[in-house]
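One structure is given here, and the rest of the page talks about it.
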Amino acid sequence: MLDDIDRKIIRLLREDARRTVRDIAFQVDLTVAPVKRRIERLERTGVISGYTVRIDPEKTGSELEAVVELRFVGNLELETIVSFAENIPEVTEVLTLAGDPDAIARVRVANIQDLQRVVNLFRTHGQVTNTRTLVILNSWSRYS
């Protein structure tokens, strides 16, 4: 069970995963030792499953982002498309859905030609019957 201090620690780490335990302790008004124990418990119990780096896509040449709606034939195991998508480096996320469409793939590419190439990879996968691509103009996320 998480208490308010645990939630604050998680929020602080989401804002900056490189934040020091000393800084977190100051922010939650505890000493370093109990904060360190709390973080270790959150890691051990899987609440915190890792730390990551946020990359500025514009600085890496991947300025265009889109979502590709995917519809599949019949009784396709959705894990099949997830496994397929894992082999496409431009796919950053796959969400399997209840309803229509069956899944959404989030894609980050350098330009429209790259987007077309990635969409064609999905279209030529034997189990995909239909795609619809939506280019993202702007986005917001609570965690980035």
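The values are calculated or read from the model by the stated rules, or taken from the named source; none is laboratory data. Please read all numbers here as calculations on a predicted model, not as lab measurements. Here the Cβ is made from the backbone with ideal geometry for all residues, glycine too, and neighbour counts use every protein chain on show.
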Output for region 30-68, where each listed residue is in contact with a strand residue (DSSP E or B) (Cβ under 8 Å, 6 or more places away or on another chain) and either surrounded by fewer than 17 Cβ atoms within 10 Å (Cβ to Cβ) or at pLDDT below 95 (or both): Pro57, Ser62, Leu64, Glu65
For the structure I just gave you, tell me whether Ala33 is among the small types (Gly, Ala, Ser) and in contact (Cβ under 8 Å) with a residue 24 or more places away in the chain. no
Verdict on Ala25 being touching a Ser or Thr at 6+ places or on another chain (Cβ under 8 Å) and farther than 19 Å from Arg142 by Cβ: yes
Of these, Leu78, Leu121, Leu64, Leu70, which one is touching a helix residue (DSSP H, G or I) at 6+ places or on another chain (Cβ under 9 Å), free of Cβ contacts under 8 Å to residues at least 40 places away in the same chain, more than 30 Å from Arg19 (Cβ to Cβ) and not aromatic (Phe, Trp, Tyr)? Leu121
Total residues in region 87-144, condition touching a Lys or Arg at 6+ places or on another chain (Cβ under 9 Å), within 22 Å of Asn75 (Cα to Cα) and surrounded by 17 or more Cβ atoms within 10 Å (Cβ to Cβ): 5
Could you list, in sequence order, the residues of region 94-128 that are part of a loop (DSSP other than H, G, I, E, B) and within 23 Å of Val53 (Cα to Cα)? Ala110
Does region 78-93 contain at least one residue that is in a strand (DSSP E or B), within 14 Å of the chain's Cα centre (by Cα) and within 30 Å of Met1 (Cβ to Cβ)? yes
